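The values are calculated or read from the model by the stated rules, or taken from the named source; none is laboratory data. Everything numeric here is computed off the predicted structure, so don't read it as measured data. Counting neighbours? That spans all protein chains shown, and the Cβs are built from the backbone with ideal geometry, glycine included. Note: accessible area is taken over every heavy atom of the protein model, side chains too, but ligands, DNA and RNA are not part of it. Shrake-Rupley method; radii C 1.70, N 1.55, O 1.52, S 1.80 Å.
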Amino acid sequence: MQVAPGIHRIEAPLGDRFVAMYLLVGDECSLLLDTGLDKMPDQYIAPYLAQINVPASKIRYVINSHADIDHTAGNGSAKELAPNAVFMCHYLDQAMVEDIEVMIRDRYSEFAADHGIDDSEETKQANRDSARHIPIDIALSGGEKIRLGKNWLVEVLHAPGHSRGH
């Protein structure tokens with residue numbers, strides 16, 4: 001749904017909740033914020049683009065807001081949808097965004113050694129099966145400005161908390 005002029009929220013089911021991805025459509029180009037799980041770009045983003053009559057080729061930028069599987073695992077599919085898009089994330093999350101094994105080890109298993117808290121092998125495999133991570137083109141640090149149109153600059157903010165690179 002369009003939540004404000006040029007700002008679209010694309011929801012995809014995720015168990016008993018959902019994941020929201022955002023599409024910012026400028027008059028020059030578009031920015032996709034987050035890609036969901038591997039199949040979500042094909043199942044939800046592409047049909048939404050068709051519904052609002054925006055070609056996938058207009059997506060020039062893809063930003064992963066933070067290192068969580070439901071925000072990054074669709075990067076491979078999104079790259080197929082918009083092959084010329086530039087993929088970005090904060091440099092502190094880059095290793096996890098590029099490699100599901102690093103994300104599993106450093107994010108989802110971070111309390112295993114000290115506290116015995118870890119995902120099951122079944123959950124880890126489900127994460128692997130629903131992810132296609134790709135290399136990031138540009139690592140962000142916050143403060144960058146991305147031009148989507150003559151009168152639209154998007155400023156990237158570093159807001160650590162949920163992840164170090166959020």
Taking GluC sites (Glu not before Pro) in a DSSP loop with at most 15 other Cβ atoms within 10 angstrom as exposed, one finds the longest site-free stretch of the chain at 29-109
Considering the zone a paramagnetic label at I138 would reach in this model (a point 7 Å from Cα along the Cα-to-Cβ line), which residues of region 49-69 have amide N under 11 Å from it? 60-63
Excluding residues on the same chain fewer than 8 positions from K124, give the lysines whose Cα lies under 26 Å from its Cα. K39, K79
Is there a quick way to get the dipole size of the chain? I mean about its Cα centre, with the Cβ of Lys and Arg at +1 and of Asp and Glu at -1; what is the value in debye to the nearest 20? 780
Qualifying chymotrypsin sites (Phe, Trp or Tyr not before Pro) in region 71-123, DSSP loop, other Cβ atoms within 10 Å at most 14: F111
Full extension between M1 and V102 adds, at 0.36 nm per residue less the Cα distance, a length in nm of 33.0 nm
Excluding same-chain residues fewer than 8 positions from K150, which lysines have a Cα within less than 18 Å of its Cα? K58
On the formula 1/(1 + (r/R0)^6), with r taken between the Cβ atoms of F111 and R164 and R0 of 25 Å, the FRET efficiency rounded to 0.05 is 0.95
Of the heavy-atom accessible surface of the chain (probe 1.4 angstrom), what whole percent is carbon and sulfur? 52
Run the simple label-point estimate for I52 and D27 please: 7 Å along Cα→C-beta, distance reported in nm. 1.7
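Per residue, what accessible area does region 83-122 have, given a 1.4 Å probe and all protein chains present, in Å²?
Solvent-accessible surface per residue comes out at 60 Å².
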Using a ≥ b ≥ c from the Cα gyration tensor of region 61-165 (square roots of the eigenvalues), is it rounded, prolate or oblate, where a/c under 1.5 gives rounded and otherwise the larger of a/b and b/c decides, a/b for prolate? oblate
Qualifying trypsin sites (Lys or Arg not before Pro) for region 1-88 [loop in DSSP, other Cβ within 10 Å: at most 14]: K39
What helix-only [θ] at 222 nm does the chain give? Using -39500 (n - 2.57) per DSSP H run of at least 4, over all residues, to the nearest 500, the answer is -5000 deg cm²/dmol
